[in-house]
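Structure record follows, encoded as structure tokens.
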Amino acid sequence: MHYIVFDLEWNQSPKGKEGTVDHLPFEIIEIGAVKLDEGLEQVGEFRQLICPRVYTQMHYKISEVTHLKMETLKREGVGFGQAMERFLGWCGEDYRFVTWGSMDLVELQRNMVYHGLGIPFGLPLLYYDLQKLYSLRCGDGKQRISLDLAVEEQGISVEEKRPFHHALDDAYYTGQVMSRMGFEQVKAFLSVDYYQLPKTEGEEIYLSFPGYTKYVSRQFWSKEGVMADKRVNDVYCPCCRRALRKKIRWFAVNPKLYECLAICPEHGLVRGKIRIKKAEDGGVFAVRITKAVDEAGAQLVAEKRAALKQRKAEKCDTAGNDTRKAHARGKGVRKSQNER
């Protein structure tokens, strides 16, 4: 299997939101990629300029960053369909995508759909988000840093002929980071693309990683519909996969995040998290993570739940006091009118 490390450059409406086309906020103008073998040695390069047909005036910020000119794209670029045919042909049959962040794979598919191309990637589409993996391997697992900072941290020389913010050059540097960061230590932590969602219960995604499991639901048309679904709100032990009894039921941390605490008779305490995400066509879906936790982790869930209940109670008290004060003021006004 090969790793296809790719990067995209795209243009957008120079008029901002007013001139943005539905379902195509960014139009791809360059694809750059490097191919790595299983030993993470580079064995190939790909670069293709694309002549835009939607945003035919270059956004000034895009031009400043990429140094690409519309004249160059029209002269040297090809149509998007031809570019994809060349790119996918170069990728070959057995490969895994690698990107710095999650946006490139989403925008690639958005552009494919807009231009009437079929998406040939099977479900689930698993890939490596190297920005996330770099944080897990070399950072705190939460903060995401820029590619140029990762290149600096890894002591990779920046070549004058390879400036950042060119698709092929960014792909090259991403590949260099991948080969030096200890990738094998985090190789198990694949990411899931959410652009193409499961359409039925049978297509829903269940994945196991070291220490936790991930479930991706089919699409629903409301948040209430998601949270009412048994397949979404059930909790399973990440170790033995048994259905668990909830010690603390699902509660809303915010409108997009729910948490719970369950207990496995064999493996102990398990924390559940459900994130509600927007689907491409306006619906919603759920991503549920279950992870074993110790007593300290369980206590954090309990404290979070207690703090939310306390804030809700205080809010209700405040609203009740305001209602009583308004009622009292109303009585005072009526009494004054009666006395007159």
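The values are calculated or read from the model by the stated rules, or taken from the named source; none is laboratory data. Values in this document were obtained by computation on a predicted structure and should not be read as measured data. Because the Cβ atoms are built from the backbone with ideal geometry, glycine has one as well, and the counts that use them run over all protein chains shown. We work out accessible area using only protein heavy atoms, side chains counted, and drop any ligands, DNA or RNA first. Shrake-Rupley method; radii C 1.70, N 1.55, O 1.52, S 1.80 Å.
From the list GLN109, GLN143, exactly one residue is in a loop (DSSP other than H, G, I, E, B) and either of a type outside the set (Gly, Ala, Ser) or surrounded by 14 or more Cβ atoms within 10 Å (Cβ to Cβ) (or both). Which is it? It is GLN143. Among the residues of segment 242-299, write down those that are among the β-branched types (Val, Ile, Thr), touching a residue at least 40 places away in the same chain (Cβ under 8 Å) and closer than 21 Å to TYR206 by Cα. Selection gives ILE274, ILE276, VAL284, VAL287, ILE289, THR290.
Annotation: of all residues in segment 53-88 being under 17 Å from GLU107 (Cα atoms) and outside any helix (DSSP H, G or I), the one that is most open to solvent (accessible area, probe 1.4 Å) is ARG53. Among residues belonging to segment 123-132 that are outside any loop (DSSP other than H, G, I, E, B) and in contact with a helix residue (DSSP H, G or I) (Cβ under 7 Å, 6 or more places away or on another chain), point out the one that is surrounded by the fewest Cβ atoms within 10 Å (Cβ to Cβ). Among residues in segment 123-132 that are outside any loop (DSSP other than H, G, I, E, B) and in contact with a helix residue (DSSP H, G or I) (Cβ under 7 Å, 6 or more places away or on another chain), the one surrounded by the fewest Cβ atoms within 10 Å (Cβ to Cβ) is TYR127.
Once segment 146-182 is narrowed to residues that are open to solvent by 30 Å² or more (accessible area, probe 1.4 Å) and among the aromatic types (Phe, Trp, Tyr), the residue that is modelled with the highest pLDDT is TYR172. All but one of (1) of a type outside the set (Gly, Ala, Ser); (2) touching a Ser or Thr at 6+ places or on another chain (Cβ under 6 Å); (3) closer than 20 Å to TRP100 by Cα hold for LEU36, so report the exception by its number. Only one criterion in (1) of a type outside the set (Gly, Ala, Ser); (2) touching a Ser or Thr at 6+ places or on another chain (Cβ under 6 Å); (3) closer than 20 Å to TRP100 by Cα is unmet by LEU36, namely (2). Quick check: is even one residue across segment 21-41 more than 24 Å from GLN176 (Cβ to Cβ), free of Cβ contacts under 8 Å to residues at least 12 places away in the same chain, open to solvent by 10 Å² or more (accessible area, probe 1.4 Å) and not in a strand (DSSP E or B)? The answer is yes; a qualifying residue exists.
The number of residues in segment 261-276 that are within 22 Å of the chain's Cα centre (by Cα) and either surrounded by 15 or more Cβ atoms within 10 Å (Cβ to Cβ) or among the small types (Gly, Ala, Ser) (or both) comes to 5.
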